[in-house]
Amino acid sequence: MSICVETSIDIALLGCGNVGTAVARLAALAADQPVTILGALVRDPNRPRDIPVPPNVTSDPAHLLASNPSVIVELLGGTEPARQLVLEALERRIPVVTANKSLLARHGAELREAAARAGVPVLYEAAVLAGVPFLGTFARRPFAADASSLTGIANGTSNFILTRCARDGDSLATALAEAQRRGYAEPDPRNDVAGIDAAEKLAVLLQHFASLDVHPDAIETQGIDLLMDLQTAHARELGGVIKPIVHADWTSALEAFVGPAFLPATHALARVDDVENALLLGTARGRLLFQGPGAGADVTAAAVLDDVREIGAGTAPSAARVLRGCRPDSPETEWLITLESGRLPRAADVADLLSAYGVFTHRATPRRSRDGRESQSLLVWPVGRLQLERALDALRGAAGCAASAIRALGAAA
Ligand code: HSE
């Protein structure tokens, strides 16, 4: 009988915050394929840490790269200096694992080209739907991954907040504070609630599944921060929920949006709650659904370490891919319009005015009256954003009421 002793994979961490600390803890448990942390790049090497401190904790990247790691694990977040350091590692032909969606979304084409030149992998399973191991799977299975649309929940913090607000009656601020306490939120949580994190993840998904290079700032993005309690209550009356959605369809020209959207209770994503993320992929061979925890130091660290082990085992899929630059159009979808005023105009007048702009109502909540204000929400048939905005402007002008809208998806979308 032969005993196989695996050699250790030597990694260097760029960044040692929550996720880096979790990587260090989890790596210590990897008995079958040891992972050794050679060192970590940190802002303050003298700060006490609650992990066994690796031998080389430094604020000098050159010092760390010189320690000859077999894999660089980039957990700095943001684009610089992460981009420079990753490019430098690739030039030295050191494989990279990153959880950094901003970096990938904004410089994915450059990094993929550098990886292709160097002939080494860049893996990023932890960057999107961190706790759902699907990117690597699909990178190896091109026939199964032959997708032309996706709809998902990609920001755990936003989903956690909307779930808490709808289910437990929390305010946005209370729910956000709890998400921060649990380590779900970004260092700047405005990136979560304003939809920036989700738009970056959608850009990474479009690179992965559609070979498209889409700048996240070019994607129509609405945050959950401007949602009104009213809309949550009205959504419930209409038999649905509001979820933080990312959506793209590239069957022909690319259409995409990011933002809170009304889903009927029968939608596959309607019961994806708390910090869970999910992705519905429309593929040539049917719809696929993936779901799991989307944020948190431990799930992110697990995805990072699995990528490290893939590289160690020599089974990492290549990230090299030629991306086609593309600007997304804004899709036509249904919308949930919410009106509020001291006194709303007659329902027939609202319907007439909207229909003059080609916007047709198909369902409405009863009118509510609270604190001397009337409100109502309407579901309207699919139109584009510009057409909807024109109708809402006319409504505001003619009827003097506040009018806002979020997108709405049918059960099959
Ligand atoms: N802030 C992110 C989220 C972390 O809540 O989804 C995981 O990318």
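The values are calculated or read from the model by the stated rules, or taken from the named source; none is laboratory data. Just so we're clear, the structure is a prediction, and the values are computed from it rather than from any experiment. Counting neighbours? That spans all protein chains shown, and the Cβs are built from the backbone with ideal geometry, glycine included.
Computed quantities for the displayed model
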read-out: Unmet requirement for A89, which otherwise passes all of (1) of a type in the set (A, V, I, L, M); (2) modelled with pLDDT of 95 or more; (3) surrounded by fewer than 17 Cβ atoms within 10 Å (Cβ to Cβ); value: (3)
read-out: Pick from the stretch 272-311, criterion outside any helix (DSSP H, G or I), of a type in the set (S, T, N, Q) and within 18 Å of the chain's Cα centre (by Cα), ranking: farthest from the ligand (Cβ to nearest atom); value: Q291
read-out: Residues that are within 16 Å of the ligand (Cβ to nearest atom) and not hydrophobic (A, V, I, L, M, F, W, C), drawn from the stretch 145-169; value: G152, N155, G156, T157, S158, N159, T163, R164
read-out: Residue within the stretch 27-41 that is assigned to a loop (DSSP other than H, G, I, E, B) and buried (at least 22 other Cβ atoms within 10 Å of the Cβ) present; value: no
read-out: Among the candidates T157, T163, T137, residue that is assigned to a helix (DSSP H, G or I) and without any contact (Cβ under 8 Å) to a residue 24 or more places away in the chain; value: T137
read-out: Number of the exception - V132 against (1) among the hydrophobic types (A, V, I, L, M, F, W, C); (2) part of a loop (DSSP other than H, G, I, E, B); (3) under 11 Å from the mean Cα position of the chain (by Cα); value: (3)
read-out: Residue count for the stretch 170-187, restricted to those that are outside any helix (DSSP H, G or I), farther than 23 Å from L280 by Cβ and within 14 Å of the ligand (Cβ to nearest atom); value: 5
read-out: Restricting the stretch 224-235 to residues that are in contact with a helix residue (DSSP H, G or I) (Cβ under 7 Å, 6 or more places away or on another chain) and touching a residue at least 60 places away in the same chain (Cβ under 8 Å), the residue that is surrounded by the most Cβ atoms within 10 Å (Cβ to Cβ); value: I224
read-out: Residue in the stretch 51-74 that is of a type outside the set (K, R), under 28 Å from P216 (Cα atoms), buried (at least 20 other Cβ atoms within 10 Å of the Cβ) and within 16 Å of the ligand (Cβ to nearest atom) present; value: yes
read-out: Test for T251: is it more than 15 Å from the ligand (Cβ to nearest atom) and in a loop (DSSP other than H, G, I, E, B); value: yes
read-out: Of residues in the stretch 388-413 being part of a strand (DSSP E or B) and hydrophobic (A, V, I, L, M, F, W, C), the one farthest from R346 (Cα to Cα); value: A408
read-out: Unmet requirement for D274, which otherwise passes all of (1) out of contact with any Ser or Thr (no Cβ under 8 Å at 6 or more places or on another chain); (2) under 20 Å from A127 (Cα atoms); (3) among the acidic types (D, E); value: (1)
read-out: Any hit, the stretch 263-281, residues being out of contact with any Pro (no Cβ under 8 Å at 6 or more places or on another chain), modelled with pLDDT under 95 and polar (S, T, N, Q); value: no
read-out: Residues satisfying the stated conditions in the stretch 189-213, i.e. more than 10 Å from the ligand (Cβ to nearest atom) and part of a loop (DSSP other than H, G, I, E, B); value: A194, G195, S211
read-out: Where R287 falls short, out of the listed (1) closer than 26 Å to G108 by Cα; (2) without any contact (Cβ under 8 Å) to a residue 24 or more places away in the chain; value: (1)
read-out: Selected residue (only one of P216, P244, P260 is touching a residue at least 24 places away in the same chain (Cβ under 8 Å), within 16 Å of the ligand (Cβ to nearest atom), of a type outside the set (V, I, T) and touching an Asp or Glu at 6+ places or on another chain (Cβ under 6 Å)); value: P216
read-out: Residue that is touching a residue at least 24 places away in the same chain (Cβ under 8 Å) and buried (at least 18 other Cβ atoms within 10 Å of the Cβ), where the choices are A394, A320, A316; value: A316
read-out: Test: residue in the stretch 103-114 that is over 30 Å from V193 (Cα atoms), over 17 Å from the mean Cα position of the chain (by Cα) and buried (at least 19 other Cβ atoms within 10 Å of the Cβ); value: yes
read-out: Selection status of E237, over 26 Å from E332 (Cβ atoms) and acidic (D, E); value: no
read-out: For R83: the one exception among (1) in contact (Cβ under 8 Å) with a residue 40 or more places away in the chain; (2) in contact with a His (Cβ under 7 Å, 6 or more places away or on another chain); value: (1)
read-out: Matching option when the condition is within 29 Å of the chain's Cα centre (by Cα) and not in a helix (DSSP H, G or I), among L87, L13; value: L13
